[in-house]
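The values are calculated or read from the model by the stated rules, or taken from the named source; none is laboratory data. Please read these numbers as outputs of a predicted model, since none were measured by experiment. A quick note on method: Cβ atoms are made from the backbone with ideal geometry, for glycine too, and the neighbour counts reach across all protein chains shown. Each accessible area value is taken on the protein alone, full model and side chains, heavy atoms only, with ligands, DNA and RNA left out. Shrake-Rupley method; radii C 1.70, N 1.55, O 1.52, S 1.80 Å.
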Amino acid sequence: MTEPTSQTPLMTPSSSRKLPDFKKSIKLKYVKLGYHYLITHGMFLFLSPLVVLIAAQLSTFSMQDILDIWDHLRFNLVSVILCSTLLVFLSTLYFLTRPRPVYLVNFSCYKPEDARKCTRQLFMEQTMSTGTFTQENLEFQRKILERSGLGQSTYLPEAVLRNPPNPSMTLARKEAEAVMFGALDQLLEKTKLKPKDIGILIVNCSLFNPTPSLSAMVINHYKLRGNIISYNLGGMGCSAGLISIDLAKDLLQVHPNSYALVISMENITLNWYVGNDRSMLVSNCLFRMGGAAILLSNKRSDRRRSKYQLVNTVRTHKGADDKCFSCVTQEEDSTGRVGVSLSKDLMAVAGDALKTNITTLGPLVLPMSEQFLFFGTLVGRKLLKMKIKPYIPDFKLAFEHFCIHAGGRAVLDELEKNLQLTDWHMEPSRMTLYRFGNTSSSSLWYELAYSEAKGRMKRGDRTWQIAFGSGFKCNSAVWKALRTINPAKEKNPWMDEIDQFPVIVPKVAHV
C-alpha cells in the first residue's frame with residue numbers, strides 16, 4: 001500500500017463498516033451445511049430417543065407380561081438369538097457413538113496491575129513520543145480512539161508504556177509470562193488442581209511465537225509432567241480461542257479421565273506498529289493486554305463441581321477464497337515496518353463467514369418451530385420464487401446469553417442489528433470492549449466473567465460464544481450452565497468494580 005497523504009480521508013466510508021444484511025443475503029447452501037453437520041455429527045442423537053423409548057416401554061410391563069414374553073421366547077430359539085443380537089448391536093452402537101461429556105471446571109481472566117493502565121491521553125502521548133507518525137496520522141489515531149468504544153482503563157504492556165516505547169524480545173517474553181502465569185495461578189487456586197494432573201495443554205497466541213514455544217514456557221514454569229500432550233497455536237487470529245476449545249474437545253474424546261488446559265492470549269509488545277500505513281494503525285488503537293486460562297475435563301466425577309458443559313462447537317473457514325484470505329494480513333509497509341493490515345473488505349468478509357457459521361449452528365440449537373419457519377420461507381423464496389418476507393430465526397429462543405468477540409464497536413453494532421439482540425444481550429461484549437479493549441481470543445472469557453459477576457448465570461442457561469479472525473474464520477461454542485453462579489463466591493477481574501457497570505458510552509459515528 002502507498003503512504004497516506006494529507007488528502008487521504010481520515011474516515012473510511014460508512015458503507016465499508018457495515019455487515020451485509022442477513023435478511024437479504026442468506027443462501028440455501030448455508031442452511032444445508034447445518035443439517036449436514038447435524039446428521040454427520042449426531043448419530044447418537046437418533047439412537048438416544050430409541051433407547052429411551054425402549055426403556056419407557058419396558059417400564060410399563062407388568063410381571064405377567066414379562067412371564068408371557070419369557071414363555072414365548074423359551075420355545076422360540078430363533079427369536080431369542082435375533083433379539084439378543086439386536087440388543088447387543090444397538091447398545092454397542094450407542095456407547096461407541098456417544099461422545100464423552102466435556103465440562104468446563106472453571107476459568108480465569110488476567111487483570112494486569114494498575115501500572116499498566118492506559119488512558120486515551122496517555123495513549124496519544126506514547127504515540128507521539130515515538131516521533132514516527134505524521135500529524136495527519138496522529139489525528140487519525142485520535143479519532144479512531146474516540147470512536148472505538150474503549151474506555152479510560154484499558155491496559156498496555158511495559159514496553160509500549162515506556163518513554164519512548166522500546167519493544168524487545170525480552171519484554172515480549174515478560175508480557176507473555178505475566179499474562180499466562182497470572183491467569184493460570186488464579187485458575188489453579190480456584191480449582192485446587194495440581195499441575196501434574198494436567199494431561200493436555202493448548203496455548204494460542206496469534207502474533208508472538210518464540211522458541212521455545214509459549215506452551216513450553218508453561219510446562220517449564222509449572223514443571224508439568226513429561227508425557228503431557230501440548231500444542232502451540234499461532235497465526236490463527238482472534239477466533240483461535242474457540243479453535244483451542246474445539247481441539248481440546250476432540251482430544252478429550254480419545255483420552256479418558258483427563259484434564260485439558262487452554263490458555264488464550266495475544267502479545268502486544270512486538271506488534272506495536274510505528275509506521276504511517278493507515279490500514280495498519282487501527283490495530284494499535286484497539287488491541288490491549290489480556291488473556292484467559294480455561295480448565296476442561298471429561299471426568300464424570302467433575303460434573304458436580306464444574307460450571308458449564310460444552311454442548312456444540314462449529315467452525316467455519318473461508319480461507320479458500322482469496323479475498324477472505326487476504327483481508328487481515330501481517331506484512332511490511334513500504335518502509336519495511338511490520339504491521340497487521342486490515343482490508344476495506346473486512347466487514348463484508350466477516351459478514352459472509354458469520355452467515356455461514358450461524359446458519360450451520362442453527363439446526364443444532366434452534367427450536368423446531370423456528371427452524372420450520374426459517375427453512376420454509378427460505379425454500380419458498382429461493383426455489384419457488386415466492387414474494388414473501390424473509391424470516392430470520394430468533395436466536396434469543398435458543399440462548400440466554402451472548403458472548404460476541406469484542407473486536408470493535410462497529411461489528412458489535414451490526415451484529416446487534418442483524419441478530420435483533422437487545423442492549424442487555426450486548427452488554428457483556430460492549431462493557432468488555434470498554435473496560436479491557438480488544439484482548440483478541442480471550443475477550444469471550446472476560447464477557448462470560450462479566451455475566452457471572454452480574455449474577456445473571458442460572459442453572460440450565462445456554463451461552464453462545466462467537467468469534468472471528470484472520471484466515472478468514474468464524475467459530476462458535478455453546479455452553480450450558482450446570483449450576484447457578486453465585487457472584488459473591490467468584491474471583492474474576494470484574495468483581496471489585498462490577499457495580500460501576502454498565503456505563504453509558506456516547507453514540508458517535510463510526511470510524
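Looking only at residues in the stretch 167-197 that are in contact (Cβ under 8 Å) with a residue 40 or more places away in the chain and not in a helix (DSSP H, G or I), the one that is farthest from residue 157 (Cα to Cα) is 193. Among the residues of the stretch 291-347, the one identified as in contact with a Cys (Cβ under 7 Å, 6 or more places away or on another chain), within 30 Å of residue 102 (Cβ to Cβ) and among the polar types (S, T, N, Q) is 316. If you take the residues in the stretch 231-264 that are in contact with a Gly (Cβ under 9 Å, 6 or more places away or on another chain) and surrounded by fewer than 16 Cβ atoms within 10 Å (Cβ to Cβ), which one is farthest from residue 99 (Cα to Cα)? Taking the candidates together, the pick is 235.
Any idea which residue in the stretch 420-462 is most open to solvent (accessible area, probe 1.4 Å), counting only those that are in a loop (DSSP other than H, G, I, E, B) and in contact (Cβ under 8 Å) with a residue 40 or more places away in the chain?
Looking at residues that are in a loop (DSSP other than H, G, I, E, B) and in contact (Cβ under 8 Å) with a residue 40 or more places away in the chain, I get 458.
Tally up the residues in the stretch 313-355 that are of a type in the set (S, T, N, Q) and closer than 14 Å to residue 474 by Cα, please. Counting residues in the stretch 313-355 that are of a type in the set (S, T, N, Q) and closer than 14 Å to residue 474 by Cα gives 2. Within the stretch 269-297, the only residue that satisfies the criterion of being open to solvent by 10 Å² or more (accessible area, probe 1.4 Å) and closer than 30 Å to residue 105 by Cβ is 287. Of the residues contained in the stretch 146-163, none is found to be open to solvent by 40 Å² or more (accessible area, probe 1.4 Å) and within 22 Å of the chain's Cα centre (by Cα). Going by the structure shown, is residue 228 in contact with a Gly (Cβ under 8 Å, 6 or more places away or on another chain) and either open to solvent by 20 Å² or more (accessible area, probe 1.4 Å) or of a type in the set (A, V, I, L, M) (or both)? In short, yes.
Given the criteria open to solvent by less than 50 Å² (accessible area, probe 1.4 Å) and in contact (Cβ under 8 Å) with a residue 24 or more places away in the chain, does residue 407 qualify? Yes: the conditions hold for residue 407. Filtering the stretch 141-154 for residues that are modelled with pLDDT of 95 or more and of a type in the set (Ser, Thr, Tyr) leaves a non-empty set. Does at least one position in the stretch 500-510 carry a residue that is in a helix (DSSP H, G or I), open to solvent by 30 Å² or more (accessible area, probe 1.4 Å) and on the phi < 0 side of the Ramachandran plot? Taking every residue of the stretch 500-510 in turn, at least one turns out to be in a helix (DSSP H, G or I), open to solvent by 30 Å² or more (accessible area, probe 1.4 Å) and on the phi < 0 side of the Ramachandran plot. Restricted to the stretch 198-301, the set of helices (runs of 4 or more DSSP H) holding at least 3 residues that are in contact (Cβ under 8 Å) with a residue 24 or more places away in the chain and closer than 30 Å to residue 327 by Cβ comprises 240-254, 278-286. Taking first residues from the stretch 314-325 that are touching a residue at least 24 places away in the same chain (Cβ under 8 Å) and partners that are surrounded by 15 or more Cβ atoms within 10 Å (Cβ to Cβ) and assigned to a strand (DSSP E or B), the Cβ contacts under 6 Å between residues at least 6 apart in sequence or on separate chains come to 314/476; 315/475; 316/474; 317/473. Among the residues of the stretch 470-484 satisfying the criterion of being of a type in the set (D, E, K, R) and surrounded by fewer than 21 Cβ atoms within 10 Å (Cβ to Cβ), which is nearest to residue 234 (Cα to Cα)? The residue in question is 480. Each residue in the stretch 91-113 was checked for being open to solvent by 50 Å² or more (accessible area, probe 1.4 Å), at pLDDT 95 or above and not in a loop (DSSP other than H, G, I, E, B), and 0 of them qualify. Among the numbered conditions (1) more than 22 Å from residue 333 (Cα to Cα); (2) open to solvent by 30 Å² or more (accessible area, probe 1.4 Å); (3) of a type outside the set (A, V, I, L, M, F, W, C), the only one that residue 134 does not meet is (1).
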